[in-house]
Amino acid sequence: SNKTFGGQYTGVLYGFTQTATNTFKNANYLKNNLQATNDGTIEIKTSDGKTTTTGNYGTGTTVTLKDADGNEVATYVVVIFGDVDGNGLINANDTRALQGYVNNSSTAPANNSVTRMAANCQNVTAAVMMHNLNANDTRALAAHVNGTKLDQAALASKMETVTGYYN
């Protein structure tokens with residue numbers, strides 16, 4: 001997408017589907033779903049800035065495209081809806097963090113942040129509600145943890161209809 005978080009990134013990569021064999025935390029998941037062209041390469045760094053194969057590849061992971069000479073061309077950030085803490089897992093820890101943001105808005109992530117985008121878990125019909133963190137986001141995330149999986153593609157599609165919020 002063209003959402004850049006204040007120019008920090010070229011855009012956002014999101015809408016990845018999670019399955020039993022392809023968890024977001026698995027480093028190979030991104031490597032298997034992204035490909036550089038024209039003899040370029042991809043450098044993937046974990047949400048905590050590491051290039052290890054055992055790191056946390058979740059919300060906040062960066063994907064840097066390099067040309068054939070190794071020059072940086074573009075950097076994208078990964079957003080996994082529901083992965084509020086950036087560890088690549090969507091679990092009760094994320095639900096607790098989101099509930100804390102809802103209960104105390106002063107602790108909520110900034111409006112123009114990767115974490116806030118990941119915390120928007122409800123698939124709403126009104127664009128004005130998309131970026132307000134509320135109990136509906138918490139319920140959608142808790143439902144995911146309890147077995148009703150978040151539809152990453154549908155949430156990504158909805159994000160595309162709201163322009164400018166993350167620029």
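If you look at just the Cα atoms of the stretch 80-140, how large are its Rg and its Dmax in Å?
Rg, Dmax (Cα atoms, Å): 10.4, 29.
Run the numbers on the stretch 46-135 and let me know its relative contact order in percent, using alpha-carbon pairs under 8 Å that are six or more apart.
The value is 23 percent.
Can I get the semi-axes of the stretch 26-110's equivalent ellipsoid? Compute them from the C-alpha gyration tensor as square roots of 5 times the eigenvalues, in angstrom, largest first.
Whole-Å semi-axes of the equivalent ellipsoid: 30, 13, 9.
Can you give me the Cα centroid spacing of the stretch 29-68 and the stretch 111-125 in angstrom?
Between the Cα centre of the stretch 29-68 and that of the stretch 111-125, the gap is 22 Å.
Using 7 Å Cα-to-Cβ label points, what is the Thr161/Asn91 separation (nm, one decimal)?
3.4
Values quoted throughout were computed directly from the atomic coordinates according to the rules given, and no laboratory measurement underlies them. Please read all numbers here as calculations on a predicted model, not as lab measurements. FYI the Cβ positions are ideal-geometry reconstructions off the backbone, even for glycines, and counts take in every protein chain you see.
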